[in-house]
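In what follows, a structure is listed as structure tokens, so that the remarks can point back to it.
The values are calculated or read from the model by the stated rules, or taken from the named source; none is laboratory data. Nothing here was measured: the structure is a model prediction, and the numbers come from that model. Reconstructed Cβ throughout: ideal geometry from the backbone, glycine too, with neighbour counts over all protein chains shown. Side chains included, ligands, DNA and RNA excluded: accessible areas come from the protein's heavy atoms. Shrake-Rupley method; radii C 1.70, N 1.55, O 1.52, S 1.80 Å.
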Amino acid sequence: MKQKDLFKNGNAFLILPVLMISIMVFIPMILALITSFQTGPAMNMTFNGLGNYQRMLNDTTFKKAFFNTFLYLIVQVPIMLFLALFISNLLNDKNLKMKGLFRTAIFLPCITSMVSYSLIMKSLFSQTGLVNNFLLTIGLLEHPIAWLTHPTWAKVLIIISITWRWTGYNMIFFLSGMQNIDPEIYEAADIDGASKWQQLIKVTIPNLKPIILFTSITSTIGTLQLFDEVKNITDGGPANATTTLSQYIYNLSYKFTPNFGYAAAVSFVIVVFIVLLSMIQSKIGGENK
């Protein structure tokens, strides 16, 4: 009887997913946590206690990667979400023609191959690339900007690249949310004399609160795990000026003398901050109870 109830309620169908998630996610996480307390060659690791975590306090490369990662997070994520919200508000206009074309064009970058778009950005922003040539032609610059070799401008390039790629992705979420808002609310706001800006602030944004929370959390997680753009555009240079925590983990594991214990410890720094920032964002942006 109990066996019949198990299948009747559908609980049995959860067994395989739970088993697969445990094998593919939770068990590797536990093993990685154990590894973070070890040191030495991969096949002969020994217990190191908190040694790997203590090492971070004096690791200048780790500190630089940590600073860069959070700089990208603090600067790029708000800019990207604001642009996504602004563009989606424009594209939600029922009187706008060729909306499908504009939506496709803005969304297209996020489905472009990561390596391909990184190489394109690297070419466009090279010393003799299209961007420098254009800025020189219109007289905004006297000398070309060293986008790839200057510590500050290289960070700006990474921020531009991430924003270009992921703004359209977040725009889709905002746009879908706007289309689910009752049009009668906007009609009432028009009758009351509310401007388009007032409607955006007083009507649209409050109704998009759950989506704004979702996109801010996912964007935070993605930025803390940033790797591909940095690896393919600047390779962390110049002199680790653009390197991120994820790239540092990669270097510790495969580029430098392999140190999987320390790499695992650095990876759990990312895990801890993802959890903390997600909790803070949920607390700030969550529904009032």
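Return the pair list, or none, for Cβ contacts closer than 8 Å from residues in segment 256-275 that are open to solvent by less than 10 Å² (accessible area, probe 1.4 Å) to residues that are of a type in the set (D, E, K, R), at least 6 apart or on different chains. Qualifying pairs under 8 Å: Y262/R55; A265/R55.
Condition check: open to solvent by 40 Å² or more (accessible area, probe 1.4 Å), touching a residue at least 60 places away in the same chain (Cβ under 8 Å) and over 27 Å from Q179 (Cβ atoms). Does Y72 satisfy that? Taking the combined requirement at face value, the residue does not satisfy it.
The C-beta contact set for segment 41-54 (first residue aromatic (F, W, Y), second residue surrounded by 12 or more Cβ atoms within 10 Å (Cβ to Cβ), distance under 7 angstrom, 6+ apart or interchain) comprises F47/F37; F47/Q38; Y53/A265. Out of I212, I185, I need the residue that is touching a residue at least 40 places away in the same chain (Cβ under 8 Å), open to solvent by 10 Å² or more (accessible area, probe 1.4 Å) and in a helix (DSSP H, G or I). Which one? So the residue among I212, I185 that is touching a residue at least 40 places away in the same chain (Cβ under 8 Å), open to solvent by 10 Å² or more (accessible area, probe 1.4 Å) and in a helix (DSSP H, G or I) is I212. Among L141, L148, which is farther than 30 Å from N95 by Cα and touching a Lys or Arg at 6+ places or on another chain (Cβ under 8 Å)? When all the criteria are applied, what remains is L148. Quick one: is I120 among the β-branched types (V, I, T), over 30 Å from G236 (Cα atoms) and free of Cβ contacts under 8 Å to residues at least 40 places away in the same chain? No, not satisfied.
If you go through segment 137-176 and keep only what is outside any loop (DSSP other than H, G, I, E, B), farther than 20 Å from Y72 by Cα and either among the basic types (K, R) or open to solvent by 80 Å² or more (accessible area, probe 1.4 Å) (or both), you end up with just T137. For E229, the conditions (1) open to solvent by less than 40 Å² (accessible area, probe 1.4 Å); (2) out of contact with any Ser or Thr (no Cβ under 6 Å at 6 or more places or on another chain) all hold with the exception of (2).
Annotation: A65 fulfils all but one of (1) in contact (Cβ under 8 Å) with a residue 60 or more places away in the chain; (2) under 23 Å from L226 (Cα atoms); (3) open to solvent by 70 Å² or more (accessible area, probe 1.4 Å); the unmet one is (3). Is it the case, given these coordinates, that T39 is polar (S, T, N, Q), closer than 20 Å to I162 by Cα, at pLDDT below 95 and open to solvent by 40 Å² or more (accessible area, probe 1.4 Å)? When the stated conditions are applied, T39 does not pass them. Filter segment 30-49 down to the residues that are more than 10 Å from Y262 (Cα to Cα) and of a type in the set (A, V, I, L, M, F, W, C) and list them by number. Across segment 30-49, the qualifying residues are I30, L31, A32, L33, I34, A42, M43, M45, F47.
Annotation: of all residues in segment 107-126 being open to solvent by less than 50 Å² (accessible area, probe 1.4 Å) and in a helix (DSSP H, G or I), the one that is farthest from I145 (Cα to Cα) is C110. Considering every residue within segment 22-31, establish whether at least one is in contact (Cβ under 8 Å) with a residue 12 or more places away in the chain, open to solvent by less than 80 Å² (accessible area, probe 1.4 Å) and farther than 26 Å from K231 by Cβ. So far as segment 22-31 goes, no, none of its residues is in contact (Cβ under 8 Å) with a residue 12 or more places away in the chain, open to solvent by less than 80 Å² (accessible area, probe 1.4 Å) and farther than 26 Å from K231 by Cβ.
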